[in-house]
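Q: What follows is a structure written as structure tokens; I'll ask about it next.
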Amino acid sequence: MADVIDVHTHYVPRGWPDLSAVGGPDAPWLRIESESEAVIMTGSSEFRRIQADCWDAETRLRDMDADGVRAQVVSPTPAFFSYGRSGAEAAKIARIFNDLALEITAPAPDRLIPFCQVPLQDPDAACRELERAVSAGHRGVEIGNHVGDQDLDSEGVVTFLQHCASLDVPVFVHPWDMDTSPRLDRWMARWLTAMPAETHLSILAMVLGGVFDRIDERLKICFAHGGGSFAFWAGRMENAWHGRHDIIGTSQYPPSHYLGRFSVDSVVFDERALRLLVDTVGEDHVMVGSDYPYPLGERPVGAVVRKSGFLTEEARHKITRGNAERYLGL
């Protein structure tokens, strides 16, 4: 029975208009290699090899049926955020990809739920594109965890998040633009260490940056990859808030007070990690995510949640479906 709602998947269109006029010589483009294979290019460099499951609804639906997934959130691939470009350029790129996302999800609107991207470096333009995309059919928005050196507690991002709260639009935060140190060139270390660290840092910014103190409690925000390393180090953060309050006491309350203000996905791959996650953020704030269709994702989708013996049936229902229904307003 298809009972899972997957809040973390990505898409890439099978081609898009030439972006060099707005994105410069390193603008992304797609090198088609066959009916089912392509390569995302940035200028003359290969970024990632992809397959038809990135753009073909029929392929996605077949995989969803095989894994028992009732619906999935279909979000942008962060490589296309374009936060390093001007706001006007990023707005044009966002509009192109947002419209293409609606074409990808159109064959099954009840099962493929599109989330848009916005030019987050320009809060006014981001709010305008959010409104346009939602009016056109998008159900939420995916944002990166930072814009250059600006974290999620920057005034512009807080303004945008407040706008999302006022419109009741769910937000999915995904790490991107990781540390480029050569030390991370081996073993996919950017994905294995920098991604969890970036996600952890974004939650710290929301808490210690005082965002949760200032922003509407109606904000529905979810962090990818189980919140990164946050759950494991939540106690360290709490201890630091009390032990070095002169430096860490930048939020109105201790960090533990804000548990319940955000959700995380479940893509942690191990029952022990999932138990810690549920114990830390609560069973009402974990939702199945898979990172489909990329090779570091979970297949079958939701396998760890379904097999974890510590979960009650009520908790399992919340994590596989109920929490996502609330988050998405289904």
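The values are calculated or read from the model by the stated rules, or taken from the named source; none is laboratory data. Because the structure is predicted, anything quoted here is derived from the model rather than measured. Cβ placement follows ideal geometry from the backbone for every residue including glycine, while neighbour counts extend to all protein chains displayed.
Q: Does region 287-296 hold any residues that are of a type outside the set (S, T, N, Q) and touching a residue at least 60 places away in the same chain (Cβ under 8 Å), and which are they?
A: Residues satisfying the conditions are M287, V288, G289, D291, Y292, P293, Y294, L296.
Q: Looking at region 93-110, I want the residues that are touching a residue at least 40 places away in the same chain (Cβ under 8 Å) and within 20 Å of A79 (Cα to Cα) and have a partner that is acidic (D, E) and part of a helix (DSSP H, G or I) with Cβ atoms under 8 Å, at least 6 apart or on another chain. Which pairs are those?
A: N98/E129
Q: Need the failing condition index for D124 against (1) in contact with a helix residue (DSSP H, G or I) (Cβ under 9 Å, 6 or more places away or on another chain); (2) in contact (Cβ under 8 Å) with a residue 60 or more places away in the chain; (3) not basic (K, R), just the number.
A: Failing condition for D124: (2).
Q: Also, I was wondering about something else. If you go through region 144-194, how many residues are hydroxyl-bearing (S, T, Y) and over 24 Å from M287 (Cα atoms)?
A: Counting residues in region 144-194 that are hydroxyl-bearing (S, T, Y) and over 24 Å from M287 (Cα atoms) gives 4.
Q: Report yes if I104 is outside any helix (DSSP H, G or I) and either buried (at least 23 other Cβ atoms within 10 Å of the Cβ) or hydrophobic (A, V, I, L, M, F, W, C) (or both), otherwise no.
A: no
Q: Check off (1) over 22 Å from D179 (Cα atoms); (2) of a type outside the set (A, V, I, L, M); (3) within 18 Å of the chain's Cα centre (by Cα); (4) not in a strand (DSSP E or B) for D153 and give me the number that stays unchecked.
A: (1)
Q: Here are some residues: R316, R299, R306. Which one is surrounded by 16 or more Cβ atoms within 10 Å (Cβ to Cβ) and in contact (Cβ under 8 Å) with a residue 12 or more places away in the chain? Working first, answer last.
A: Working: R316 fails: in contact (Cβ under 8 Å) with a residue 12 or more places away in the chain; R299 fails: surrounded by 16 or more Cβ atoms within 10 Å (Cβ to Cβ).
Being surrounded by 16 or more Cβ atoms within 10 Å (Cβ to Cβ) and in contact (Cβ under 8 Å) with a residue 12 or more places away in the chain holds for just one of R316, R299, R306, which is R306.
Q: On the given criteria, is I221 surrounded by fewer than 20 Cβ atoms within 10 Å (Cβ to Cβ), within 21 Å of N323 (Cβ to Cβ) and touching a residue at least 24 places away in the same chain (Cβ under 8 Å)?
A: Here the answer is no, as I221 does not meet what is asked.
Q: Which residue, of A324, A240, A231, is at pLDDT 95 or above, farther than 30 Å from L112 by Cβ, assigned to a helix (DSSP H, G or I) and aliphatic (A, V, I, L, M)?
A: Result: A240 is the single residue among A324, A240, A231 that is at pLDDT 95 or above, farther than 30 Å from L112 by Cβ, assigned to a helix (DSSP H, G or I) and aliphatic (A, V, I, L, M).
Q: Residue check: is R272 surrounded by fewer than 16 Cβ atoms within 10 Å (Cβ to Cβ) and more than 18 Å from R236 (Cβ to Cβ)?
A: In short, yes.
Q: Still on this structure, I have one more. Does region 238-250 contain at least one residue that is within 19 Å of the chain's Cα centre (by Cα) and within 27 Å of T159 (Cα to Cα)?
A: Within region 238-250, not a single residue is within 19 Å of the chain's Cα centre (by Cα) and within 27 Å of T159 (Cα to Cα).
Q: Turning to a different aspect of this structure: Could you list, in sequence order, the residues of region 107-128 that are part of a strand (DSSP E or B) and in contact with a Pro (Cβ under 9 Å, 6 or more places away or on another chain)? Before you say what the answer is, go through the steps one by one.
A: Our first condition is that a residue be part of a strand (DSSP E or B); within region 107-128, this holds for 112-116.
If the condition is that a residue be part of a strand (DSSP E or B) and in contact with a Pro (Cβ under 9 Å, 6 or more places away or on another chain), then F115, C116 are the ones that fit.
Q: Can you pull out the strands (runs of 3 or more DSSP E) entirely within region 19-85 that have at least 1 residues that are without any contact (Cβ under 8 Å) to a residue 24 or more places away in the chain and within 19 Å of D291 (Cα to Cα)?
A: 37-42, 45-51
Q: Hey, G209 hits all of (1) crowded, with 18+ Cβ neighbours inside 10 Å; (2) closer than 30 Å to D110 by Cβ; (3) of a type outside the set (S, T, Y) but one; which does it fall short on?
A: So the condition that G209 fails would be (2).
Q: Any residue that is part of a loop (DSSP other than H, G, I, E, B), touching a Phe, Trp or Tyr at 6+ places or on another chain (Cβ under 9 Å) and either farther than 24 Å from L161 by Cα or free of Cβ contacts under 8 Å to residues at least 40 places away in the same chain (or both) - is there at least one of those in region 271-283?
A: no
Q: Among the residues that make up region 132-141, is at least one of them assigned to a strand (DSSP E or B), of a type outside the set (D, E), under 24 Å from L204 (Cβ atoms) and in contact (Cβ under 8 Å) with a residue 60 or more places away in the chain?
A: yes
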